[in-house]
Amino acid sequence: MNMLLLAMPDSFEHMPTVAVRMPNGALTSLAGNVDPHHNVAAADLILRQDRVRETVEQLVREHRPDVVGLSVMTFQRKTAFRVIELVRALLPGVRMVCGGYDPSLAPDAYMRPGSGVDFIVRGEGELTLRELLRALERTEGLNEIAGLTYKTNDGWQQNPARPVHSLEGDEIRLPRRNARVLSGYTMLGKPIDVVETSRGCTFDCGFCSIIEMRGRNFHTYSFDRVLADIRDAREHGARAIFIVDDNITLNVRRFEALCQAIIDAGLNDIAYTVQAMTSPIAMHAGTLVPLMRKAGFRYVFLGIENILEDDLEFLKASAKNAYRENGKRTDNATIRAINALHANGMYVVGGLIVGNPDDTLDSIRANLEFARKYVDWPYIQHPTPYPGTPMTNDFKARNLIRIENLEEYDGTTAVVATEHLQPEEIEYQRWKMERWMKTAHIPAVIGKEPWFVLRNWPKMLAHTFRGSTLRSMLGLESDRTVFARYKAMRAAERVYL
């Protein structure tokens with residue numbers, strides 16, 4: 001069978017494509033786990049944001065797929081349906097499969113009449129898609145495929161959920177990176193790829209879709225497999241790797257051993273980026289952090305979430321930000337973690353969430369000021385009512401959801417109010433301070449990647465200061481006017497075809 005796998009072009013505000021074009025790791029993992037005789041083409045449409053329609057038309061002509069699979073997040077749903085409509089117009093008889101967070105947590109949206117969807121893969125997709133292609137190839141029944149929802153003449157059939165995989169053994173194979181038919185993945189000019197060493201998290205943060213997707217658990221791949229994956233990424237040209245684990249710092253000793261394994265294998269010539277909790281970084285600053293630096297880690301996305309205890313309680317993120325001594329909580333771990341990372345020559349991408357139900361203007365400004373003072377690159381988001389999360393129920397109960405256009409559910413558009421502020425004011429406060437924070441990091445980027453900045457600084461500044469004009473720079477226009485223009489430009493950017 002011929003199969004075309006597509007990831008949507010919609011990107012996050014904090015990951016502008018001029019600086020970051022990250023691959024969707026699900027596509028190559030799916031490609032690597034169907035039976036090898038299938039012809040699979042994987043395409044990240046983020047690489048062709050300026051010509052999505054033409055790219056899809058070309059891919060369909062060249063690969064003539066029997067099956068098309070889409071990986072979709074909530075804010076990409078509208079684009080996904082437009083892609084489905086386009087593909088259906090080109091190949092009316094094609095079988096259409098949707099998977100990822102949004103179809104898994106909000107399947108009803110994909111089951112509506114006229115959606116164009118034939119199959120929904122819920123949860124982890126590798127084994128479900130493998131079994132689906134086998135059933136289609138052999139014209140066998142679909143009712144035994146766990147994790148599959150499918151359309152029948154009598155309506156939709158939802159099979160039982162597929163149990164979360166332990167990641168042990170070799171049932172889940174390595175990604176098939178040579179299935180990619182588009183190129184250009186970069187981070188600050190370096191060719192980048194993604195690698196997964198574990199899946200899952202045992203915390204219960206109210207904003208997180210992971211536990212709704214797979215429950216509270218933590219499973220790991222063997223180091224042999226992880227190192228083989230890193231080597232494969234390097235052989236395919238990667239000079240930077242983003243480790244996409246949900247929570248790699250759940251097992252600090254394993255993470256330390258992985259760092260040592262990377263060093264021993266001579267794979268520390270790659271620039272690694274990872275997501276981490278503040279508490280393990282702070283508690284193990286003397287052992288873990290130096291090993292990370294020696295292994296090649298350069299950027300650490302630190303899940304600070306918020307610096308105010310009441311907000312951490314609402315987010316259910318207090319425990320993972322606690323510093324403990326003799327088994328007792330004695331402090332917030334955030335500043336200790338940041339200082340440890342900086343002392344070892346790593347940059348901090350600061351993940352904070354502002355706009356929680358009881359936030360005031362002062363509490364939001366306190367978090368923004370903290371980010372300005374301590375983090376290198378701000379990744380400040382607003383709480384977003386994604387399907388199925390506990391946070392969504394809280395906001396509904398308090399009647400605080402103001403915007404229901406899902407294409408705006410990208411984390412950096414404020415869509416919920418607080419008890420004191422409307423969404424636009426919350427977003428305005430973030431935008432006003434954040435653009436200067438991003439500009440302040442440019443000198444560090446110059447020192448790290450001078451040629452990248454030399455080639456791209458006009459695009460970098462144009463993205464950061466979208467909506468600004470000469471009049472605004474001269475103080476002849478208010479920040480509110482510039483912000484309104486910025487919002488209009490972002491809305492226009494969300495339309496890809």
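Observations
- With contacts taken as Cα pairs under 8 Å and at least 6 residues apart, segment 24-166 reaches a relative contact order of 19 percent.
- Cα-based Rg and Dmax for segment 423-467, where Dmax is the largest Cα-Cα distance (Å): 12.5, 39
- Amide H within-cut-off set for GLU305, under 5 Å, with H built and near neighbours excluded: GLY351, LEU352, ILE353
- Percent carbon-and-sulfur accessible area, the chain, ignoring ligands, DNA and RNA, probe 1.4 Å: 50
- Remark: accessible surface ordering of ARG298, ARG402, ARG253, ARG214 (largest first) is ARG253, ARG402, ARG298, ARG214, probe radius 1.4 Å.
- Ranking VAL40, TYR101, SER115 by Cα position along the charge dipole of segment 1-146, where only Lys, Arg, Asp and Glu carry charges on their C-beta atoms, puts SER115 farthest toward the positive end.
- Overall shape: rounded for the chain, with the ratio a/c of the largest to smallest alpha carbon gyration tensor axis below 1.5.
- Computed over protein heavy atoms with a 1.4 angstrom probe, the accessible surface ordering of GLU424, GLU126, GLU140, largest first, is GLU424, GLU140, GLU126.
- Cys residues of the chain counted as unpaired, since no other Cys beta-carbon is under 4.7 Å: CYS98, CYS201, CYS259
- Taking every alpha-carbon pair under 8 Å whose residues sit at least 6 apart, the chain reaches a relative contact order of 13 percent.
- Among the listed pairs LYS78/LYS316; LYS190/LYS294; LYS459/LYS487; LYS78/LYS438; LYS432/LYS459, those beyond 22 Å (Cα-Cα): LYS78/LYS316; LYS78/LYS438
- Rel. contact order, % - alpha carbon contacts under 8 angstrom, at least six apart, segment 367-497: 20
- Cα gyration tensor, segment 7-126 - rounded (a/c under 1.5), prolate or oblate: rounded
- Distance between segment 434-484 and segment 329-400 - C-alpha centres, whole angstrom: 23
- Using heavy atoms of the protein chains and a probe of 1.4 Å, the accessible area assigned to SER363 is about 20 Å².
- Note on GLU212: accessible area approximately 70 square angstrom, rounded to 10, probe 1.4 Å, nucleic acids and ligands left out.
- Per-residue accessible area (protein heavy atoms, 1.4 Å probe) orders MET391, MET283 as MET283, MET391, starting from the largest.
- A simple charge model with +1 on the Cβ of Lys and Arg, -1 on the Cβ of Asp and Glu and nothing else charged puts the dipole of segment 425-497 at about 140 debye relative to its Cα centre.
- Electrostatic tally near ASP10: other residues with Cβ closer than 12 Å to its Cβ, Lys and Arg +1, Asp and Glu -1, net -2.
- Ordering PRO390, LEU474, LEU497 by Cα displacement along the dipole of segment 367-497 toward the positive end leaves LEU474 in first place; charges were set at the Cβ atoms of Lys, Arg (+1) and Asp, Glu (-1).
- Only protein heavy atoms count here; on that basis, with a 1.4 Å probe, MET8 has an accessible area of about 10 Å².
The values are calculated or read from the model by the stated rules, or taken from the named source; none is laboratory data. Note that the coordinates shown come from a computational prediction; the quantities given were computed from them, not determined experimentally. Virtual Cβ from ideal backbone geometry, glycine too; neighbours counted across all protein chains shown. For the accessible areas, the whole protein counts, side chains as well, though only heavy atoms, and no ligand, DNA or RNA atoms are used. Shrake-Rupley method; radii C 1.70, N 1.55, O 1.52, S 1.80 Å.
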